[in-house]
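Presented below is the structure to which this report refers.
Each reported figure results from applying straightforward, stated rules to the coordinates on display, with no laboratory input. Because the structure is a prediction, the values reported are computed rather than measured. FYI the Cβ positions are ideal-geometry reconstructions off the backbone, even for glycines, and counts take in every protein chain you see.
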Amino acid sequence: MNKIVLITGGAKGIGRAIALELAKNNYDIAINYLTSETEAFELVKKLEETGVRALVIKADVSKEDEVDKMINEIEAKLGNVDILINNAAIDLNNLFSLKNADEFRRSLDVNVVGAYNCARRVYKHMYDNKFGKIINISSTNGINTYYPTNFDYDASKAALISLTHNLAVEFAPYINVNAIAPGFIGTENELKGYDEEFLKAEQEKILKKRYGDPKEVAYLVKYLISDEAEYINNSIIRIDGGQLGSN
C-alpha cells in the first residue's frame, strides 16, 4: 500500500513540485491550501493521472480546529498520514517602517505554529506505527541570509529550525524530523516584486550562478523520506547552490 503524504501549502511553487515528484514515485498525496484553490484542484487532477490517490483540502494551518478537521478528512478518505511536509508559509515583504506587530504574529502563526499544529496532530499514528517522516521547509533566511524587509519571515524560519530539533528529540526513535533550508528558488512567488538589478545581484552571490529549480528541492524531499535516508535525523540541510550570506 502506498504511503500517505500531507503537503501543506502544496498548490504552488515548491509544494507543487514535491507533490508531482512524489506522485511519480507512488505516494498518495493530500494537498493543503488556503487561498490557491484553482491551482490546488488543477494539481490534484495531475496527480490522479499518475494513478495515485489524491485529495485537496482547504485549511488554515495556524488554527488548531481547522488542522484537526483536515487530518480527520485525510484519515477518513486516504488513511493515516505517514509523511508530513510542512511547507505552508507566508512572506509579508514590506519596508521595515511599514511593518507592524500583527504581521509579525501572522508570519509566526502560519510558518511556525502551523507546522507545530500539523506535527502534533499526526505524530501519534506515526509513533504507534514505528514509522514517520516530518520535513519542515525552512529557508536560508533562517540561517544567515537577512533582509530587513523580511525580518518577520526570517525570524519564523529560524524558529522553524529550532522546532525541528525539538520535535526530533520528542519523537525519537521512530519519527525522523528534518528541515530543508532552500536558498533562492526560482518559483513565481520568489521572483515576483523584485527588480532585475536586485535579482542579478542576488544571483551573483550564488556559487552556481543560477537560481534553484523547485524540482531540485523535491528530489531532496524524495530522498529524505526514502528508506535510504533512514539514518538522517535532526538535520538542517541547505539547498542553495552555495549561496553566500546577505548582511
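Taking amide H positions as modeled 1.01 Å from N, with prolines and chain starts lacking one, the residues under 5 Å from Gly132 and 5 or more places away or on another chain are Asn176.
When Lys and Arg each count +1 and Asp and Glu each count -1, what net charge do the other residues less than 15 Å away from Ala168, Cβ to Cβ, add up to? Residues close to Ala168 contribute a combined charge of 0. Placing dummy labels 7 Å off each Cα toward the beta-carbon, the span from Asn129 to Ile161 is 3.0 nm.
Here's how it looks for Ile239: its modeled amide H is under 5 Å from those of Ala181, Gly183, which are all 5 or more places away or on a different chain. Remark: the Tyr223-Lys77 segment gains 49.9 nm on full extension, using 0.36 nm per residue and subtracting the alpha carbon distance. Cross-link partners of Lys45 among aspartates and glutamates, defined as those whose alpha carbon lies under 14 angstrom from its own and excluding same-chain residues fewer than eight positions apart: Asp28, Glu37.
Taking Cα pairs under 8 Å and at least six residues apart, what relative contact order does the chain come out at, in percent? It would help to have the intermediate numbers written out before the result.
Details: 475 pairs, mean separation 48.8, N = 247.
Averaging sequence separation for qualifying contacts and normalising by length gives 20 percent for the chain.
At 0.36 nm per residue, minus the direct Cα-Cα distance, what do Ala201 and Ala101 gain on full extension? Give it in nm, one decimal, please. Can you show the working numbers first?
On the way: separation 100, 0.36 × 100 = 36.00 nm, distance 3.03 nm.
Full-extension gain reported as 33.0 nm.
Using the rule -39500 (n - 2.57) for each DSSP H run of four or more residues, divided by the residues of the chain, the 222 nm mean residue ellipticity is -13500 deg cm²/dmol. For the residue pairs Lys63/Lys215; Lys24/Lys222; Lys58/Lys130, alpha carbon separations beyond 21 Å are given by Lys63/Lys215; Lys58/Lys130.
Loop sites only, by DSSP: take the trypsin sites (Lys or Arg not before Pro) in the chain that have at most 11 other C-beta atoms within 10 Å and name the longest stretch containing none of them.
On the way: sites that count: Lys130, Lys192, Lys209, Arg210.
After excluding every exposed loop site, the longest remaining stretch is 1-129.
Rounded to 0.05, the FRET efficiency of the Thr149 and Met1 pair, given R0 = 51 Å and the Cβ-Cβ distance, is 0.65. Taking a straight Cα-Cα cut-off under 14 Å and skipping sequence neighbours fewer than 8 places away in the same chain, the aspartates and glutamates within cross-link reach of Lys205 are Glu197, Asp240. Computed from the Cβ-Cβ distance with R0 of 35 Å, the FRET efficiency linking Tyr174 to Asp65 stands at 0.80.
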